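The values are calculated or read from the model by the stated rules, or taken from the named source; none is laboratory data. Computed from a prediction, not measured in an experiment: that's the story for all the values here. Note: accessible area is taken over every heavy atom of the protein model, side chains too, but ligands, DNA and RNA are not part of it. Shrake-Rupley method; radii C 1.70, N 1.55, O 1.52, S 1.80 Å.
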Amino acid sequence: REAHLRIARHALAIARAEGAPDAVGSLAYTSGLLSAAGPMILALARPGTPGPDGPRASGAQATEVSRLYLALMGLPPALLDIVGNLREPSRAQLADPLALAAVHVAAGLSDDAFLARAGFQERVARWRTLEPAEMELP
């Protein structure tokens with residue numbers, strides 16, 4: 001969906017603005033794209049219900065479906081941790097929380113306690129004004 005591409009590009013812009021290594025930017029971008037997995041699966045499993053961003057296909061249930069589906073695909077633990085904890089980032093076990101914070105903010109979420117504890121609270125207003133970035137493919 002277009003909304004998740006926008007989230008991915010915005011998360012990448014945040015990572016780049018913070019001077020993060022390319023690997024962190026790629027993780028933020030990919031996590032933003034894949035955050036749609038659970039809502040899309042739930043929407044397909046329930047024909048006639050609201051789409052991927054609808055109320056029945058959101059929240060903790062969609063997040064857990066995303067995490068399980070991506071784990072079955074064999075994706076890296078850091079990516080699973082970001083997608084699985086996007087709505088509750090304080091539960092994540094990441095050594096470096098920048099990619100999670102970038103996707104969290106890019107998705108329009110705001111867990112102020114998490115952002116403050118990670119040292120990003122003062123930067124969030126600037127992050128929200130960043131233009132989405134393009135991902136350069138090798």
Got the relative contact order for the chain handy, in percent, Cα pairs under 8 Å and 6 or more residues apart? 31
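Quick one: grab the alpha carbon gyration tensor of the range 75-118, order the square roots of its eigenvalues as a ≥ b ≥ c, and give me rounded if a/c is under 1.5, else prolate or oblate depending on whether a/b is larger than b/c. Display every interim value, and only then the final one.
Working: a/c = 1.86, a/b = 1.42, b/c = 1.31.
Cα axes put the range 75-118 in the prolate bin.
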Return the sequence-ordered ³J(HN,Hα) values of the range 71-77 in whole Hz as given by the Karplus equation 6.51 cos²θ - 1.76 cosθ + 1.60 applied to θ = phi - 60°, using x for Gly and Pro. 5, 4, 7, x, 6, x, x
Given the DSSP H assignment, sum -39500 (n - 2.57) over each helix run of at least 4 residues in the chain and divide by its residue total; what's the result at 222 nm in deg cm²/dmol, nearest 500? -17000 deg cm²/dmol
How large a share of the accessible area of the chain, in percent, is made up of carbon and sulfur atoms when the probe is 1.4 Å and the other protein chains stay in place? 57
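Solvent-accessible area per residue for the chain at a 1.4 Å probe radius, Å²?
Per residue, the chain has an accessible area of 53 Å².
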